[in-house]
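Here is the structure we will look at.
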Amino acid sequence: MLNGIPKILPAELLRLMMDMGHGDELVIGDGNFPAASMGVPVVHLDGHGVPEVLKAVLQLFPLDAYVERPVALMEVIPGDPIVPTIWEEYREILRNAGCDTEPEKVERFAFYERARHAFCVAATSEPAQYANVILKKGIVK
């Protein structure tokens, strides 16, 4: 064990986060996200939701300050009546981490395509729909 590392983050995810370079992307997937079919390394955080994983990751993970929007969310499919209230929780977590930029909204299949090029996926048990997040890594200072 080490001091200062959130206990929710398994060693495998920490290693992958350390291996990531500037501009690489990390997907935090909800319980419905097809993580295994993305073709990138998957770390399972079973029993945990996206907000708690997002909060823990952002304690160690700098967001890219050289892009307009270093955070992306899966856009609601047109006609779907779901309103992802979890996004408000994300905005608060992001603000607390120093990111005041509104997350980018990415169409569902474009989100999946982008996830196929991500460095890795942290697969959670989050039950909320449209709870997937992509984080673009910044520079460690």
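The values are calculated or read from the model by the stated rules, or taken from the named source; none is laboratory data. Quick caveat: nothing in here was measured; it's all calculated off a predicted structure. Cβ sites come from the backbone with ideal geometry, for glycine too, and all protein chains shown count toward neighbours. Accessible surface is based on the protein model in full, side chains and every heavy atom, while ligands, DNA and RNA are left aside. Shrake-Rupley method; radii C 1.70, N 1.55, O 1.52, S 1.80 Å.
Among residues belonging to segment 107-120 that are of a type outside the set (G, A, S) and closer than 21 Å to L9 by Cα, point out the one that is most open to solvent (accessible area, probe 1.4 Å).
The selected residue is F119.
Based on this model, can you work out whether D24 counts as over 14 Å from the mean Cα position of the chain (by Cα), farther than 13 Å from V133 by Cα and not β-branched (V, I, T)?
For D24, the condition - over 14 Å from the mean Cα position of the chain (by Cα), farther than 13 Å from V133 by Cα and not β-branched (V, I, T) - is not met.
Give the residues of segment 48-88 that are within 20 Å of K136 (Cβ to Cβ) and among the acidic types (D, E), sorted by residue number.
D64, E68, E75
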